[in-house]
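**Student:** Before I ask anything, here is the structure I am working with.
The values are calculated or read from the model by the stated rules, or taken from the named source; none is laboratory data. Quick caveat, the model's predicted, so the values are computed rather than measured. Backbone-built Cβ (ideal geometry, glycine too); neighbour counts: all protein chains shown.
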Ligand SMILES: Nc1nc2c(ncn2[C@@H]2O[C@H](COP(=O)(O)OP(=O)(O)OP(=O)(O)O)[C@@H](O)[C@H]2O)c(=O)[nH]1
Ligand SMILES: [Mg+2]
């Protein structure tokens, strides 16, 4: 990575250097350190910090005392002095002792990736649940590092890394923080119980629930907005959404479902933080169908998808029915152009294209209600017509001479289990698929067929 690509116009913002250590472990993990550093720069920008410079360092294992090693640390100090940076942001998680040692040696505010993310969360949380969750996460992060922070927080007071629980709370002893953590957990349980009640009620009235999940900035909120005219914030910042928003969505058949936007995922988010947001993500775990939204134009697409799959697995939602929504295909780059992805559970869209949004609704409907199939049944076979009504949802019925034409939505499992006698009378593929294929020829955009 060129080190001069960063904007040196800080515009009065806090100036920071980025530091990333490429260890053997990082190399083994398959993560691309340069991309990770770019992501860190976006995170810093989202947090309102001007990134002045970035330093990438190779070291087999992190240095216990200074993380990057003393020599490199000195270099960081020199670069900070030259550029006027007051903060160093590390792409990896630091121990309390490392933070303390680096602060002393460099005379800079030291922030790590986790703290930066927490800081963004703190600035974003709006609902009571979100605010409680962020405070819980911050205190959980802080507790083992308590001794490492006192000096700089009181010295610098303000800027990134200091939002949220506030100075006075940070300066109180561990016991106080533990007590506060217990209290936060209790309050969160109340909120969660309330949310569960809501969800139960929705379930009782038979509402099907769909959750938008995916890497941060993939376009989840944009999709919710375009699908439902919801007034939700979508912006080119990481973690624009922190609190889940649910809206009702009317599918082409007229069926109403509930669709929920959730907090985005990101790589290297420590497990205890994921746990703090568990209540929010339970929306995903409880959904009948997951829409995994992917930024198809991102060079990190595959890695981002793997991160999402991993977190979903941790949440116990790994084997849920899922539709992969490759979003942003309007952006023409080598990644959207060379998409060797496909299969029945994928769809390519641009959130900004209304035609694509209709296709997406149909794809959701196909997965919820099963695909529509047409059956031509002899009028004398009332038993088969009755079976069709029993196993699927009959969308339309039409008498033709001595035959009955039924359009039925039914999923493969039901068809296999009890709909077999109907098999011989099935006459066509889903009309919605036929429409897609027509669209293919006219517009050259493929849906579900790649
Ligand atoms: N070109 C293009 N941009 C898109 C599309 N969908 C979303 N975006 C942009 O991508 C950025 C992120 O969109 P959001 O909808 O906020 O993404 P998100 O997944 O909700 O992000 P978080 O809430 O941060 O996790 C915004 O600047 C959107 O305008 C798309 O189909 N095409
Ligand atoms: Mg969002």
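**Student:** May I ask you to verify whether residue 277 is modelled with pLDDT under 80 and under 15 Å from the mean Cα position of the chain (by Cα)? Write out each step before concluding.
**Tutor:** Numbers: modelled with pLDDT under 80: yes; under 15 Å from the mean Cα position of the chain (by Cα): yes.
When the stated conditions are applied, residue 277 passes them.
**Student:** Scan region 350-363 residue by residue and report those that are more than 16 Å from ligand 2 (Cβ to nearest atom), under 19 Å from the mean Cα position of the chain (by Cα) and in contact (Cβ under 8 Å) with a residue 60 or more places away in the chain.
**Tutor:** 360, the sole residue that qualifies.
**Student:** Also: Looking at 98, 74, which one is over 24 Å from the mean Cα position of the chain (by Cα), part of a helix (DSSP H, G or I) and crowded, with 21+ Cβ neighbours inside 10 Å?
**Tutor:** 98
**Student:** Then there is this: Please determine whether any residue of region 332-339 is part of a helix (DSSP H, G or I), within 13 Å of ligand 1 (Cβ to nearest atom), over 30 Å from residue 400 (Cα atoms) and assigned by TED's automatic domain parsing to the domain that holds residue 293. Quick ask: steps written out before the conclusion?
**Tutor:** Start the filter on region 332-339 by keeping residues that are part of a helix (DSSP H, G or I), which leaves 334-337.
Of the ones still in play, those that are also within 13 Å of ligand 1 (Cβ to nearest atom) are 335-336.
Next, only the ones that are over 30 Å from residue 400 (Cα atoms) stay: 335-336.
Filter once more, keeping what is assigned by TED's automatic domain parsing to the domain that holds residue 293: 335-336.
Yes: one or more hits.
**Student:** Please work out which one of (1) farther than 30 Å from residue 195 by Cα; (2) modelled with pLDDT of 90 or more is the condition residue 324 fails and give its number.
**Tutor:** (1)
**Student:** Which one of the conditions (1) buried (at least 18 other Cβ atoms within 10 Å of the Cβ); (2) more than 22 Å from residue 217 (Cα to Cα) does residue 356 fail to meet, given that it meets all the rest?
**Tutor:** (2)
**Student:** Just one of 243, 261, 229 is closer than 18 Å to residue 352 by Cα and either within 13 Å of ligand 1 (Cβ to nearest atom) or modelled with pLDDT of 80 or more (or both); which is it?
**Tutor:** Step by step, each of 243, 261, 229 is checked, and only 261 is closer than 18 Å to residue 352 by Cα and either within 13 Å of ligand 1 (Cβ to nearest atom) or modelled with pLDDT of 80 or more (or both).
**Student:** Evaluate region 200-210: report whether one residue or more is surrounded by 15 or more Cβ atoms within 10 Å (Cβ to Cβ) and within 13 Å of ligand 2 (Cβ to nearest atom).
**Tutor:** No, region 200-210 has no match at all.
**Student:** Check 45, 53 and return the single one that is in a helix (DSSP H, G or I), assigned by TED's automatic domain parsing to the domain that holds residue 113 and in contact with a strand residue (DSSP E or B) (Cβ under 8 Å, 6 or more places away or on another chain).
**Tutor:** Going through 45, 53 in turn, the sole match is 45.
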